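Following: one structure in structure tokens, then a few remarks.
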Amino acid sequence: MSSSLPLEAKVERDRRVWNECAGTYEERIVCGHPDVLAYESFEEDFLDRVLSFLSREEDRPLGLYDVGCGSGRLHLRYGLKVASSAALSEADVVRVASERRGRAAYAYDPVLAAKLEYVGGLDFSSEMLTLATKKLRDAGLGSLLGGRLRLERGSAFELSPMTGAVVPVVACVCNSIGVMQGPEGAEKLFASIERAVGTVGGIGIISAYRKEAVGSFALGNYESTMDVCGQPKWLTPDTYANAAYRKVPKGYKRAHESSDSIEVDVFDQEGRLVAGAQRLVRNPDLVRKTTETGHIETHSDYESRWYSFAQFEHWIASCWGAHKAWHVLGAELDVMRGEPAQIAILDPRERLAGLFHRWLKARKPTG
Ligand SMILES: C[S@@+](CC[C@H](N)C(=O)[O-])C[C@H]1O[C@@H](n2cnc3c(N)ncnc32)[C@H](O)[C@@H]1O
């Protein structure tokens, strides 16, 4: 039914969905499910490599722009990498140090600090942006907001051509494309990124889950985060599958786990336990439909799509065909963390050729 809504109506529906789930999304997904954390860290390592390669190879400064930035995961990471203590208040120096403690990925990076002029980003959800702002302030980066760290409310489909002296790197990560209002929205995102960086010769990156990984990754993933997105349609019974109840899974199901059921505790709106350890079981026909279409549907307004590798090839050709682009399977770069992923990279000036030639050569070791 939802597929027949006009795009503008889907945008409004999804904005409400993301405003409502912002807090639980942060807790249970961004900082929660171990397979999602692995995928996020794979993407972050990929971006680190791209940015450090460009920092060395390019004379011009860089700008990173995150489309669908959510709660500011990339702002936090790159803000911490480039924030020099000399520019911070005493209180913020303490906060930054505490955030960096034990996390090598957040350490100050002098090369990147000299090259990365800003980290910008947009999201259509004001709640997500509020979370991002709080996260950055709590981490001691509040004084960079509005300057080197920028957050704006806006549409992923309406990016303007990037201007200024920087080489812009526009990224859309964590399968955000899959929640951008269906295939029509996904195509608009591809076109929007081309508009932003195509003429100026920047870099566009879309990192997403693949449809081919729905059976091995998506099913267990959505089952164990149904308190964020709603009960998946392929699970039965649907007795408590509505907004009056919160179903909290008893643990995370990991990728490739073959169990066809999950146990949840069901709570009412007041937080009272209604049913303990309710067992929800997969319906094979609905599982088949989900794996065939890559369309994740739940008993809420939330929906997500995992697009096939071939579908991405199609959009790369139709929206980015005038330019050089790379399309890589996550597993080619990292067989464990990247298994469910694909990354499309728009690179009109072939700035990343050296990096990709090295990586793609490495997949075929010669004796
Ligand atoms: C899967 S979350 C990812 C958030 C963040 N990139 C991360 O990696 O943690 C997708 C984000 O896209 C945003 N979003 C969805 N559709 C959008 C649109 N059409 N324009 C702008 N943001 C959108 C949602 O509000 C949400 O914050």
Summed residue charge, Cβ within 14 Å of Pro6's Cβ, Lys/Arg positive, Asp/Glu negative: -1
Normalised alpha carbon radius of gyration of the range 61-138 [divisor 2.2 N^0.38 Å]: 1.09
Rounded tilt (10° steps) of 284-293 against the dominant C-alpha axis of the chain: 20
Eligible lysines near Lys233 by straight Cα distance, threshold 30 Å, same-chain separation 8 or greater: Lys10, Lys188, Lys211, Lys247, Lys250, Lys253, Lys289
Rounded FRET efficiency, nearest 0.05, which uses the C-beta distance separating Ala275 from Arg60 and R0 of 56 Å: 0.40
Vicinal HN-Hα couplings computed from phi for the range 156-169 (Karplus, 6.51 cos²θ - 1.76 cosθ + 1.60; Hz; Gly/Pro x): 4, 8, 10, 5, 9, x, 6, 10, x, 8, 7, 8, x, 10
Rounded Å value of the spacing that divides the Cα centres of the range 44-83 and the range 207-250: 31
Theoretical ellipticity at 222 nm over the chain - DSSP helices of four or more residues, -39500 (n - 2.57) apiece, nearest 500: -12000 deg cm²/dmol
Projected label distance in nm at Arg16 and Arg103, using a 7 Å step from Cα toward the beta-carbon: 3.4
Förster radius 25 Å - calculated FRET efficiency between Ala9 and Arg153 (Cβ-Cβ, nearest 0.05): 0.85
In degrees, nearest ten, helix 90-100 long axis to first principal axis of the chain (Cα): 60
Descending semi-axes in Å of the range 148-190, equivalent ellipsoid built from Cα gyration tensor: 22, 12, 10
Global size of the range 216-294 as Cα Rg and Dmax, reported in angstrom: 12.2, 38
Value of Rg to Rh for the chain (Rh from inverse mean 1/r over Cα pairs, i.e. Kirkwood): 0.97
Charged-residue dipole, Cβ positions (Lys, Arg, Asp, Glu), the range 216-294 about Cα centre, Debye nearest 20: 100
Phi to ³J(HN,Hα) by Karplus 6.51 cos²θ - 1.76 cosθ + 1.60 over the range 72-83, Hz, x for Gly, Pro: x, 4, 6, 4, 5, 4, 7, x, 5, 5, 10, 6
Pair Ala244, Glu263: separation of 7 Å Cα→Cβ label points (nm): 2.6
For the range 123-223, diffusion coefficient by Stokes-Einstein and Kirkwood Rh (Cα), 25 °C, 0.890 mPa s, µm²/s: 158
Neighbour cut-off at most 15 other Cβ (10 Å), DSSP loop, GluC sites (Glu not before Pro), the range 265-298: Glu270
5 angstrom amide H check on Cys174, placed H, neighbours 5+ away: Ser207
FRET efficiency estimate (nearest 0.05) - Cβ-Cβ, Lys134 to Ser89, R0 22 angstrom: 0.80
Listed residues Ala255, Ala243, Ala91, most fluctuating in the chain (Gaussian network, C-alpha, under 10 Å): Ala91
Under the Karplus curve 6.51 cos²θ - 1.76 cosθ + 1.60, θ = phi - 60°, whole-Hz ³J(HN,Hα) for the range 141-152, x wherever Gly or Pro sits: 9, x, 6, 8, 5, x, x, 6, 10, 10, 10, 9
Equivalent ellipsoid, the range 169-322 (semi-axes from 5 times Cα gyration tensor eigenvalues, Å): 35, 16, 12
GNM flexibility winner over the chain from Lys253, Lys211, Lys134 (Cα, springs under 10 Å): Lys134
Label point distance in nm, Asp285-Val335, each placed 7 Å from Cα along Cα→Cβ: 4.0
Computed magnitude of the charge dipole of the chain (debye, nearest 20; Cβ of K, R +1, Cβ of D, E -1): 680
Cα-based Rg / Dmax (Å) for the range 274-367: 18.9, 62
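Throughout, read-outs are computed from the coordinates displayed, never taken from laboratory work. Since we're looking at a predicted model, the values are computed, not measured. Here Cβ is always computed from backbone atoms with ideal geometry, including for glycine, and neighbour counts include all displayed protein chains.
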